[in-house]
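Read the structure below first, then the notes.
The values are calculated or read from the model by the stated rules, or taken from the named source; none is laboratory data. This one's a predicted model, so the numbers in the text were calculated from it and none came from an experiment. No Cβ is skipped: glycine too gets one built from the backbone with ideal geometry, and neighbour counts run over all protein chains shown.
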Amino acid sequence: MKTSDMKPRTIIEKIWDNHIVSERPAAPALLYIDLHLVHEVTSPQAFDGLRARGLKVRRPDLTIATTDHSTPTTPRSFPIVDKVAAAQVARLEESCKEFGIRCFGLSSHHQGIVHVIGPEQGLTQPGMTVVCGDSHTATHGAFGALAFGIGTTEVEHVLATQCLLQNRSKTYEVRVDGALKPGITAKDIILALIARIGIGGGTGCVFEYSGSAIRALSMEERMTVCNMSIEAGARAGLVAPDDMTYQYVCGRPHAPKGAVWDSAVAGWRKLPTDEGAQFDKSIKIDAGALEPMITFGTNPGMGIPITAMVPNPGDITDPLERDSLAKALRYMDLAPGKPLLGHPVDVVFIGSCTNSRISDLRNAAKILKGRKVHAGVRVMVVPGSMEVKAQAQAEGLDQIFRDAGADWREAGCSMCIAMNGDQLQPGEYSVSTSNRNFEGRQGKGGRTFLASPLTAAASAITGVVTDVRTLL
Amino acid sequence: MTKFTPFESRLVPFPIDNLDTDQIIPARFLKTISKEGLGAQLFYDWRYDAEGKPKPDFILNKPEAKAAKILLAGDNFGCGSSREHAPWALLQYGFRAVISTSFADIFRGNALKNSLLPIVVPRDIHAELFRDPNVTVKVDLAAQTLTLPGGRTIQFPVDAFAKDCLVEGIDELGYILQQEPAIASFEAAHPALINTRA
């Protein structure tokens with residue numbers, strides 16, 4: 001069939017079609033995976049599965065591993081105090097050695113959060129299928145890749161066959177037009193989307209983020225938006241590649257070079273959604289109307305503009321929904337109808353696969369420069385990778401953080417998932433640039449307000465939830 | 001893989017929407033390199049007090065819950081992370097099915113791959129079950145039916161391939177491995193742009 005005869009397709013459908021290995025009746029498609037990212041938490045049982053069957057890793061050359069989740073962010077010369085975590089980190093390095101997989105372990109200068117290092121190394125490229133045993137794999141969608149999280153059984157499938165059985169998802173266009181006002185960031189776009197459609201709003205779908213506001217975002221900002229697609233329930237979220245994408249990828253260690261680069265770009269230019277292609281669902285967001293967003297509750301959909309009041313369960317008719325909100329406010333110990341602005345904060349966490357890249361750290365440093373962290377507030381700045389850390393230090397950002405009274409750490413997931421000893425104490429409140437505010441997510445009994453690096457840094461200075469626009 | 005056979009069970013009502021995987025099994029228990037021992041950690045932070053003693057009023061600590069095989073959950077069950085430890089923990093506690101109006105995508109896939117059946121029912125049936133959860137229902141995956149008290153039977157949707165795998169005990173990885181020729185020819189036609197080992 002000639003291309004001109006085909007019905008217009010979305011970028012999501014194009015990438016899908018390009019990766020079908022086989023399609024049988026009454027079965028999901030067998031989809032080829034171009035890049036498989038592996039970390040210590042969701043892989044050990046998958047490697048055991050290979051051993052039990054006597055299987056090899058089919059394409060170690062399309063697989064990359066790193067340690068990030070249970071990895072301490074204390075100086076790398078210190079041993080891992082937690083014996084269980086130490087055994088898990090060691091097991092990943094052993095399995096990688098046994099199966100021939102390259103691993104950026106704790107001693108590597110390339111170690112970091114799996115979703116930070118893929119793009120950093122030029123491994124994440126437009127048009128690819130990317131998977132990882134981690135729900136924030138959608139981050140890689142910023143490059144126009146179809147990237148989604150999988151469970152450990154599927155990790156084993158991909159290790160063994162480089163393929164996955166998958167059913168087609170619905171397509172969902174998230175169109176964001178207009179210009180962001182000063183103090184409003186990519187994080188506020190995605191928190192606003194999740195607050196609008198809810199944490200199940202994208203279930204069964206893949207988002208394509210489009211519109212002038214998305215086009216205007218840098219690659220790192222696009223990663224922040226795509227990263228939290230899962231918090232709206234979507235399987236994945238992506239942004240069609242453009243010159244900004246190619247510029248970012250070009251010259252990175254694993255980017256194609258020379259004539260291969262030219263032909264790759266020519267192929268990537270065919271990826272954007274065709275004129276007239278139909279999406280199953282769509283929503284429009286006016287970027288110009290957005291305010292800094294913050295969550296007040298115990299899921300990422302419980303978000304409000306920072307100047308708004310905490311909602312009242314009494315205003316909700318559905319009984320389960322009303323109970324859920326009431327339960328969330330009890331856990332957070334917040335009163336309905338009151339502002340969040342001015343609420344005391346114990347901890348500020350700047351990091352995670354959502355907001356730990358160099359531009360995030362620059363944003364935080366811009367606010368912290370020449371100021372002091374409020375007395376009694378603990379501030380942790382955790383770079384997304386050792387390369388981000390080196391870059392930040394070359395720019396002197398580490399000194400700005402230290403001078404302000406913040407703690408400058410080694411790379412990892414850290415207090416986003418609180419598996420590595422970095423955690424809140426029961427009852428503490430944090431303003432966090434991470435992606436989840438579920439009960440206990442940052443430590444048992446801890447309470448999380450999700451926000452942008454600007455809002456987090458502003459709250460660190462004042463010791464209370466703060467509208468960054470008052471400090472700009 | 002063992003075949004998924006019909007069974008009867010009481011329901012354990014858990015009337016909370018958007019129950020996330022951090023509640024099902026908190027992240028600090030994911031440092032294990034094994035699949036075992038997770039049943040005791042299911043809903044850990046809700047189920048045990050600060051000293052690690054079971055809270056007697058928490059539903060999963062009640063004797064009638066221990067014999068039950070079906071969790072009756074709120075909307076969007078299993079949202080959050082991709083941790084397969086969530087279905088592993090539910091299975092090891094003794095559950096074989098979860099009934100809800102909707103499931104998060106990754107959780108649903110992980111559950112099906114481990115013979116934990118996610119059953120989606122219409123909102124009115126869901127509400128009816130919550131009104132009187134002290135009943136026994138029958139689950140028949142082959143027929144895709146849920147039989148309610150009084151013999152009323154409702155159909156539930158399930159992915160056809162996943163159902164075949166569960167009912168017939170088909171091993172999915174074995175099924176993919178059989179497609180080796182197709183995988184090899186796809187690879188021959190699509191040379192990789194990266195080499196992580198270079």
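Just for the range A:88-107: of the residues that are small (Gly, Ala, Ser) and surrounded by 17 or more Cβ atoms within 10 Å (Cβ to Cβ), which one is nearest to the chain's Cα centre (by Cα)?
Only one residue fits best here, namely A:Gly105.
Does A:Met228 satisfy being assigned to a helix (DSSP H, G or I), within 14 Å of chain B (Cβ to nearest Cβ) and crowded, with 20+ Cβ neighbours inside 10 Å? Even if it seems obvious, please write down each step before you answer.
Working: assigned to a helix (DSSP H, G or I): yes; within 14 Å of chain B (Cβ to nearest Cβ): yes; crowded, with 20+ Cβ neighbours inside 10 Å: yes.
Answer is yes for this residue.
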| message | So, B:Lys62, is that one more than 13 Å from chain A (Cβ to nearest Cβ) and loosely packed, with under 15 Cβ neighbours inside 10 Å or not? | response | yes
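Which residue, of A:Ile417, A:Ile400, is β-branched (Val, Ile, Thr) and surrounded by 24 or more Cβ atoms within 10 Å (Cβ to Cβ)? Lay out the reasoning, then the answer.
Values: A:Ile400 fails: surrounded by 24 or more Cβ atoms within 10 Å (Cβ to Cβ).
Every option except A:Ile417 fails the conditions.
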Conditions (1) crowded, with 24+ Cβ neighbours inside 10 Å; (2) more than 10 Å from chain B (Cβ to nearest Cβ); (3) in contact (Cβ under 8 Å) with a residue 60 or more places away in the chain; (4) more than 28 Å from B:Cys165 (Cβ to Cβ) -> A:His39 fails only (4)
When A:Asp68 is run through (1) closer than 30 Å to A:Pro241 by Cα; (2) among the charged types (D, E, K, R); (3) surrounded by fewer than 21 Cβ atoms within 10 Å (Cβ to Cβ); (4) at pLDDT 95 or above, the failure sits at (3)
Scanning the range B:1-26 for residues that are under 20 Å from B:Ser82 (Cβ atoms), in contact (Cβ under 8 Å) with a residue 40 or more places away in the chain and facing chain A (nearest Cβ under 8 Å) gives B:Asn18, B:Asp20, B:Asp22
Selection from the range B:74-108 of residues in a loop (DSSP other than H, G, I, E, B) and either surrounded by fewer than 24 Cβ atoms within 10 Å (Cβ to Cβ) or polar (S, T, N, Q) (or both) yields B:Gly74, B:Asp75, B:Asn76, B:Ser81, B:Ser82, B:Gly94, B:Phe95, B:Arg96, B:Thr101, B:Ser102
Going by what's in this entry, would B:Asn134 be described as part of a loop (DSSP other than H, G, I, E, B) and surrounded by fewer than 16 Cβ atoms within 10 Å (Cβ to Cβ)?
yes
In the set B:Leu146, B:Leu166, the lone residue that is assigned to a strand (DSSP E or B) and either surrounded by fewer than 17 Cβ atoms within 10 Å (Cβ to Cβ) or under 17 Å from the mean Cα position of the chain (by Cα) (or both) is B:Leu146
Taking the range A:416-468 and keeping residues basic (Lys, Arg) and either closer than 26 Å to A:Glu40 by Cβ or part of a loop (DSSP other than H, G, I, E, B) (or both) leaves A:Arg436, A:Arg441, A:Lys444
Of the residues in the range A:42-65, those that are part of a loop (DSSP other than H, G, I, E, B), surrounded by fewer than 22 Cβ atoms within 10 Å (Cβ to Cβ) and either more than 10 Å from every other protein chain (Cβ to nearest Cβ) or polar (S, T, N, Q) (or both) come to A:Gly54, A:Lys56
Output for Cβ contacts, cut-off 8 Å, separation at least six or different chains, first residue at the interface with chain A (Cβ under 8 Å from one of its Cβ atoms) and under 12 Å from A:Leu165 (Cα atoms) in the range B:170-192, second part of a loop (DSSP other than H, G, I, E, B) and basic (Lys, Arg), reads B:Glu172/B:Lys113
Of the residues in the range A:127-153 that are closer than 14 Å to A:Ile12 by Cβ and facing chain B (nearest Cβ under 10 Å), the one that is surrounded by the fewest Cβ atoms within 10 Å (Cβ to Cβ) is A:Gly127
